[in-house]
Amino acid sequence: MNRPTIRKGLLDLVFSGAYMKRWNDKLRPLQLVEVDKQSHKMIVAWLLFTLNSRGLDDGARLALGEQVVEGGMYDYLFRLVITDIKPPVFYQIKANPEHYEKLSGWVLKTLRPLLAPMGEEFNRRMSEWLAVPEDSTLARRILTSAHLYASYSEFKLIKGLNPSGYDMDEIERSFLDRLEALQDVVGVSELLAGLRDEADAGAMARLAALCGHLRFQQRWSQTPRVPETTVLGHVFLVAAYAWLFSLEIGACRARRQNNFFAGLFHDLPELLTRDIISPVKKSAPEIAGLIHEYEDKELERQVLQPLRSGGYEDIAARLEYYLGKEIGSEFAACVMRGGKVQKVGSEELSRRFNADGFDPKDGELLKMCDSVAAFIEAYAAIKNGISADQLHQAVWRLRGLYSETSEIAGVQVGALLADFD
């Protein structure tokens with residue numbers, strides 16, 4: 001079977017969610033865009049997946065994780081095409097099998113040219129996922145719960161600015177009713193309690209809410225850009241690219257899931273330090289060391305310790321694994337051997353440890369995806385008419401970096417960036 005091939009068009013498609021405005025018929029205190037919402041959704045989906053996979057054997061847990069990540073990505077691609085359809089209209093279409101089949105068929109036809117390089121298996125699985133509109137499996141119910149939570153979190157931001165009335169009341173009641181119907185999904189009850197009253201939120205719900213605050217932190221804060229991207233949107237881009245490239249290089253299930261989730265959380269410390277730009281971090285070893293020390297201290301105090309105290313040791317431990325706490329960097333490759341985290345080289349990981357039993361996580365691949373996302377953010381702004389020196393310098397620097405080291409973890413990234421004219 002031919003492996004998927006990642007091309008410029010697909011990377012651009014994933015990035016296009018940064019242009020798509022949400023709640024654009026309401027007064028908003030800040031820009032709300034699709035890529036940010038999808039990021040928050042998948043962070044919450046990971047929390048629910050972790051809770052609902054407790055007690056499952058490794059095979060069942062990996063199968064559930066695969067459905068959550070795949071389904072989330074398929075839903076996002078679907079949403080990129082139909083995003084201008086208002087939710088009440090979409091739900092009516094979804095309730096009519098004949099109408100939903102026509103809509104999903106049109107979406108797949110629209111996406112076909114961009115998704116063709118991904119291969120027949122990818123497109124078959126996506127078609128099968130979109131063919132079932134009901135929340136008939138645990139993975140689908142997790143994703144629907146996460147979608148509703150992320151959307152309601154946005155609604156709470158705009159609620160006070162918009163005139164009260166049947167429209168706003170109806171929207172809020174719909175969110176709450178649908179979330180209440182999903183309380184069989186472990187964790188949803190706690191999320192609901194936190195949405196209703198922050199004082200009632202447990203450690204998991206507080207983390208879910210806190211991650212949503214990453215939408216308030218602008219990337220490239222001193223540089224004008226179109227579109228502007230937030231830290232929340234950026235981490236989703238990194239996660240999505242990591243998953244796509246993991247498919248391209250034939251990563252095992254555990255590895256591609258770990259790469260996706262590690263991408264989602266790689267900037268979690270920026271909740272505590274803001275988005276410190278790379279030149280500052282690299283200006284002097286002592287400054288980089290101080291920043292890293294502060295990030296570790298605050299992450300432990302504000303995130304990891306409350307999770308452990310609240311009964312979520314498994315979530316805290318997994319975040320530490322994704323963030324590379326035991327090996328010194330989120331951008332270092334690692335595996336689990338004998339119950340311990342072991343740092344390995346990128347080539348060694350691919351050659352010896354590309355198997356679910358080692359729970360592998362890439363480092364260089366994740367760093368490359370972080371750079372690719374930054375490259376596309378800068379490139380898009382330049383193409384949209386912004387000529388800031390910082391943007392041109394970033395594009396030039398990243399092109400040069402990957403022309404010298406053209407292959408990373410099996411990905412021909414130099415050739416891929418060359419496609420951006």
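Some points to look at:
- Treating each Cα of region 200-268 as an identical point scatterer and summing with the Debye formula, the log10 of I(q)/I(0) at q = 0.28 Å⁻¹ comes to -1.10.
- Long-range tail of P(r) for region 49-108 (Cα pairs > 15 Å, %): 61
- Across the chain, the mean sequence separation of Cα contacts (distance under 8 Å, 6 or more residues apart), normalised by length, yields a relative contact order of 18 percent.
- Ordered by 1.4 Å accessible area with all protein chains kept, V132, V89 run largest first as V89, V132.
- Electrostatic dipole magnitude of the chain [Cβ: Lys, Arg +1; Asp, Glu -1; Cα centre; debye, to 20]: 500
- In summary, the lysines within cross-link reach of K325, defined as a Cα separation below 27 angstrom excluding same-chain residues under 8 places away, comprise K41, K281, K282, K297, K340, K343, K361, K367.
- Computed from backbone phi with θ = phi - 60° and the Karplus coefficients 6.51, -1.76 and 1.60, the 3J(HN,Hα) list for region 356-365 is 4, x, 8, 6, x, 9, 6, x, 4, 4 Hz; x is used for glycine and proline.
- Cα gyration tensor shape for region 45-196, rounded if a/c is under 1.5, else prolate or oblate: oblate
- P(r) weight above 15 Å for region 88-140, C-alpha pairs, percent: 52
- Considering only I315, G105, G187, the residue lying farthest towards the positive end of the dipole of the chain is G105, judged by Cα position with unit charges set on Cβ.
- Under conditions of 37 °C and 0.692 mPa s, region 322-377 yields 282 µm² s⁻¹ as its translational diffusion coefficient, taking Rh as the Kirkwood radius over Cα pairs in the Stokes-Einstein equation.
- E34 accessible area, 1.4 Å probe, all protein chains in place, Å² to nearest 10: 0
- About its Cα centre, region 56-150 has a charge dipole of approximately 360 debye under the convention of +1 per Lys or Arg Cβ and -1 per Asp or Glu Cβ, with nothing else charged.
- Apolar share of the accessible surface for the chain: 52 percent from carbon plus sulfur atoms, 1.4 Å probe.
- Two-decimal log10 I(q)/I(0) for region 1-122, as the Debye equation yields it once each C-alpha is a single scatterer, q = 0.10, 0.16 Å⁻¹: -0.41, -1.01
- Radius of gyration and Dmax over the Cα atoms of region 102-176, both given in Å: 17.2, 49
- Value of relative contact order over region 12-148, rounded to a whole percent, pairs C-alpha under 8 Å and six or more apart: 32
- Computed over the chain, the per-residue total of -39500 (n - 2.57) for DSSP H runs of n ≥ 4 gives a 222 nm mean residue ellipticity of -20000 deg cm²/dmol, rounded to 500.
- Using the Karplus relation 6.51 cos²θ - 1.76 cosθ + 1.60 with θ = phi - 60°, the per-residue 3J(HN,Hα) values for region 97-104 come to x, 5, 5, 5, 4, 5, 5, 5 Hz, with x marking Gly and Pro.
- Calculated on the Cα set of region 342-421, radius of gyration then Dmax: 15.3, 49 Å.
- Modelled this way, with points 7 Å down the Cα-to-C-beta line, the labels at A355 and K159 are 5.1 nm from one another.
- Table column - 3J(HN,Hα) (Hz), region 124-139, Karplus curve with 6.51, -1.76, 1.60, x for Gly and Pro: 5, 5, 5, 4, 5, 5, 6, 6, 10, x, 7, 7, 9, 10, 4, 4
- Dimensions of the chain along the principal axes, based on C-alpha atoms and rounded to the nearest Å, stand at 58, 49, 46, largest first.
- Per residue, the accessible area of region 43-180 comes to 46 Å² when a 1.4 Å probe rolls over the protein heavy atoms.
The values are calculated or read from the model by the stated rules, or taken from the named source; none is laboratory data. Predicted, not measured: the structure shown is a model, and the values here were computed from it. Cβ coordinates were reconstructed from backbone atoms using ideal geometry, including for glycine residues, and neighbour counts include every protein chain displayed. Ligands, DNA and RNA are excluded from the accessible area calculation, which covers all protein heavy atoms including side chains. Shrake-Rupley method; radii C 1.70, N 1.55, O 1.52, S 1.80 Å.
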